[in-house]
Structures are given as structure tokens and as C-alpha cells.
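Comments concern the structure below.
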């Protein structure tokens, strides 16, 4: 990790052309789904203002789509007419108020701009879909190309009028410009295809139009490696940047990677915790060696400022971008500069509340920061909660929901006791964090526990209070966060059945490292990480794994950005996947797998154990008892005890319950539904 001197260097000023930044940390462009009718909202302005208030040097907006054929959905951002200028001006004013600079990222998504909402065909260099089953795009003609070039110029003029400090032309991530640059997607035979000069033509025309339209500094975002056969690699991208830089006054190159393609490459774009620490830092370093006098921006899976400082200290980059860490904690720069690095909320790199919600056309959230997207509302709420009557509060359960509730209730001024039946805090998250590759989950409850302790929450381990103890304690409110009980359906006459906790402790993270033998059948009813991570862990220890799902796919509730990497790992480990199948016992060591579309059963022999990853059952006995009383403390049910779901819902519900105890004048729904 970086030392104090390296961290201080990261927080020193730097210039991008004429634009002076107060430090070398930036928030890279990332989609929020906070738009409305393709325009930024007050919600988006407040979101960026909070990061600027938190001390970051520069913010780059999410992609601002230059033409309606790139719109995709109405919640994306666009620049289709001059009418958008005031809305963007509100964003730049909000950021400038707190001392940060802001660049507008302009782009056309090309073939992955799903036209279902806008009833437009996707445009691309060639009629090649981005994934199996995706729409075949329209191969752009010369008039289409001219329209897009002018759209980039028009967007640049509007962004200048809106007060942006600079522009970033997006030529990476498999979007339209990259679709023309890459031989993997560009199959044209005219002046825009074939040779590198021809494939560069559209990008050149765009940069020519943009730099002629405005006098703002212009940076270029690229993918250093597409990770595709026959695609662009670092050698090709170095040559492309060298040619473009010779002709255009680029103020920086922003080095990312990946292509928007339905394979492993897409998973690298939002590398989750399975990828490890800064897995793509070498890409920025390559461009810094090749172009020592051109500012190089590095990005992706830089989880903390100390990690980011390492890159700058090593000369691998001039600025470092942290998107998900700034979603998790918008004040991480301010905390570090004030010697409070230990207070930073850690990003889990779980992809659950950010990109996972985007796939569902929902606004982003965050497991560790449930205030995302409602910054104005929460800031107002916290300032007003000091007037609430002080109460004695008991939180039962020390998992993520209980800890979040205890922290929020204490912050709101209440006296809080937290009871945890076990000998350690963390709940099911602590168990999940024992699975290799999922260790970062433990940061969630580690940070919450530290915050609870520092805030004065009285924590009592090894205590499972019954109804009488709760009533004798004189509590005004009880928050029940007792979690859920894992499923374990019996298989009479069949192999032994393990529930999830048993599978973790006996198969995946046992006390000894003796390799596993035999076959293991993992029943995955829900398509979540619970079954998938166990299947991977068992296979890594030598077990022959059969992953069985009643659904038409495998790991269907895991975001595509993580699932594509997961499926590659499972394939490499020779995990056998059986979608649309169920299990039938044959004998004590044999099961048969059958399904509605399968003409023959699959017989699995030498089965050592079956792991049941079916639906959990809420543990809500204490809540039922308290709820049945005609009088007594107010009772609130949160997390899996309310309904078994994920840590995202658990922390969110805990925060709401703890913060608004006794306050019925602030409906929780307002924090989201009125956040525009």
C-alpha cells in the first residue's frame, strides 16, 4: 500500500491543458440512470455535487449521447437540442460550487444502443450484433456518418455553453468509434474500413469537428485491449493514439479496456472482486512509457486512494479514476486529506447496487451507501433528525441490516444496544466472505462494526434476547434483524444434503486443505452468488461439480458484467451446468437430473454430497411475538428477517429504520421516488 508521502503526492494539483485541478483524483464517467427525457436532473446534480464536496479534483460525466440513435432509454443522458443546456448548466454549477472541475464525456453507443424504447435501429460500422440474440445493427452509410460527426460537434457546442471545463471523446468500451476502429467489428470495404487509416477516419472526422467547434480542452478515452480474437490490442492502440496525437491537441488519454461484446471482455469493463487488486494497471503504464509528456488517466478496480497513489508514485499514470469507490463514499478524498483514511467506507467491487441495477433500467444504488441518488434528501434529513425525541433502542441481530440500523439510530441521537447471538458480528456476510474470491464482502460488516463502535453503540455478543428480556429492558423501539435460515430439503434414500453454511465450512473453507474427491451436486433455485460461488469453490478444491438450476439459465440473477467472467471460470474448472433440470434420487450415491425439454436423464454417480442453495426462510419469531402485543415498544423488521434477499436491501432497510425511528412525517419512499 502507498505510504503517506505517496498519498500526499496524489493530492497535489495537476493541469490538463489550461484546466487546473486541485488533486490527481477523478470520478470517471459511469452511468447513473438519473436522467429524465435524456436530460440531467436535480438528482444528478446533487449526486455530482456530493462528490465535488467530498474533495475530488475532477468529475467526468457519464456518456452524453450525441444523437437519438444512441439514446437507448429516456433515463440516459443526451444532447439532441439546445434545450438541454440549462439542465447541464445546473450540473456544472453544482460541481463548481464545491471547487471541482467537470468534463463532459460525449459519445455514440453504436450497435448496443437498444432501439426498443426509441423505435430506432442501432447504428454501427457493420451489421454485426454485440451478442447472440441481440439486434443486428444498421451498417451506416455516408449520410449517417455525416450526421453523427455533426452531432458530436453540436454536442460539444452545447457542453461549452453549459459551462463544462473540457470534453472527453469516448472512443473505447466497444462504442461506435471503437466499432469503426476495430477489425473485429469493422467489416467495411469502403473508405471507412480495411486499413488502419480507413478505420481511423471516423474518429479523425469527429475530433476535427469537435476541436473546430469549441476551444475547450479535449481528452480521448480508449480501450487499450479488446480481449477479442482479431481485435485491438495494446500495440494497435499505441499506434492509434500516436497517429491521433500527431494531428490533434489531445489534453489527455484516458486508458480503459474491453469491448461491449457478449463474452469475457465485457466483464473486465466492470471488474468485480474476483479479479483482484488493480488487474489492468499495466495498460496505463504502457501508455505513460510511450507518451511521457501526455497526461495519462488510469481507471478500473482501483479500490482505494492508497492503491491509486501507488500508480502515480510508480509513474504509471498522472491521474487515477475511482468510480465505484466514489459511489461507496463520496468523501473519500476529504477523509484522506484530513488523516481520516480509516473512516472511508470500502467499495466491495460486488457490482450489485451499481451496474446490477442499471441492467434492470433502475437508478444506481450501493450496498455500502444506501444514500446514493438521494443525496439532497438524506442531507436534509440528517440535519433535521437532531430534533427527534431520544429513545432507547434495541437492535437484535449483528448482520448488515442490524449494524446499519444501529449506526443510523445512533447517528440520529438515540441510545442503542445491539444484541448478537453469535460470538462475532457479520451474520451471513461473514460466512460468504470465507468463500475464496468473495473476501471483500467482509469489508461491509467490518466497516459498519467499526462505525458502530466509534459512534457509541453498545454491542453485546452471545446474547439472544427473548420476549421477556426485551420487555424488561425498557426499550422504546426494537429493530429485529435476525436474518434468515438456510434451506436444506431432505432427499430420502439419497446422498447427504448440506445447507449453505455447512457447505462453506466443510467443503469450501474447511480447517484443512485436503483435496475433495467425488461428485457434488449444487441445487441453485435462485441464480445468485450463493450457489455459483460455492460451485466454483468446490471445483477449485478438486470436486466434480454439477450446477443444477430449474431456470433456463445459470446464475441468472448475477449481473452480466460479473456473470460472463464467472461462466468462464466455471468452464475452466469443468463445472457441468444443467439448466431447466431438477433432481431425482436413484440411490445413496446416485442422482438423476431431468427437465421438461430433456429427452434423456443425466445420471450423476459417485455423489459425495448435495448442496441445497434453495430459498432461505426468514427468522422472525421475535418480531411475531412483539407484533402480537397490544402494547409495548414499537417494532421494526429489516433485512432477511423481513424477507430473504441480499445485502443491498438489508443495509438500505436498516438505514431507514434506524434513522427515522418515531418519525412518521418523512415517508421512506420520498427518499427515492421524489429524488428528481
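Quick note: the coordinates plus some simple rules give every number you see, no bench work behind them. Computed from a predicted structure; not experimentally measured. Cβ atoms come from the backbone with ideal geometry, glycine included; neighbour counts cover every protein chain shown.
Structure data summary
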quantity: Point-to-point label distance, residue 582-residue 243, nm (Cα→Cβ direction, 7 Å offset); calculated: 5.9 nm
quantity: Share antiparallel - DSSP beta bridges, the stretch 497-615, percent rounded to 5; calculated: 30 percent
quantity: Modelled FRET efficiency - R0 35 Å, residue 511 with residue 485, Cβ distances, 0.05 increments; calculated: 0.90
quantity: Relative contact order for the stretch 4-373, counting Cα pairs under 8 Å that sit 6 or more residues apart, in percent; calculated: 17 percent
quantity: Angle between the chain longest axis and helix 529-540 axis [Cα atoms, degrees, rounded to 10]; calculated: 90 degrees
quantity: Separation of the residue 313 and residue 157 label points, Cα + 7 Å toward Cβ, nm; calculated: 4.9 nm
quantity: Ranked 463, 529, criterion: other C-beta atoms within 10 Å, fewest first; calculated: 463, 529
quantity: Mean-position separation - Cα centroids, the stretch 124-146 and the stretch 1-70, in angstrom; calculated: 31 Å
quantity: Rounded to 10°, Cα long-axis angle of helix 442-455 versus longest principal axis of the chain; calculated: 70 degrees
quantity: Calculated [θ] (222 nm, deg cm²/dmol) that DSSP helices of n ≥ 4 give over the chain, each run adding -39,500 (n - 2.57); calculated: -10000 deg cm²/dmol
quantity: Rough spin-label spacing in nm, given labels placed 7 Å along Cα→Cβ, for residue 340 and residue 597; calculated: 5.4 nm
quantity: DSSP bridge orientation in the chain - percent antiparallel, rounded to nearest 5; calculated: 20 percent
quantity: The stretch 521-596-the stretch 255-302 distance, computed between alpha-carbon centres (Å); calculated: 30 Å
quantity: Cα coordinate range in the chain, projected on the principal axes (Å, largest first); calculated: 76, 67, 49
quantity: The chain - percent relative contact order, Cα under 8 Å, separation 6 or more; calculated: 12 percent
quantity: Sorted by Cβ neighbour density within 10 Å, fewest at the top, the residues 344, 521; calculated: 344, 521
quantity: Degrees separating the helix 234-247 axis from the principal Cα axis of the chain, which is the longest one; calculated: 40 degrees
quantity: Burial ordering of 251, 366, fewest other beta-carbon atoms within 10 Å first; calculated: 251, 366
quantity: Nearest-0.05 FRET efficiency for residue 464 and residue 628, computed from C-beta distance (R0 22 Å); calculated: 0.70
quantity: Amide N proximity, the stretch 592-633 versus residue 362 label position 7 Å along Cα-to-Cβ, cut-off under 20 Å; calculated: 615-618
quantity: Length added when fully stretched, residue 571-residue 197, from 0.36 nm per residue minus Cα-Cα; calculated: 130.8 nm
quantity: Net lengthening on full extension, residue 187/residue 606 (0.36 nm per residue, minus Cα-Cα); calculated: 145.8 nm
quantity: Near-label residues of the stretch 353-368 by backbone N, under 14 Å of a point 7 Å along Cα→Cβ of residue 131; calculated: 355-361
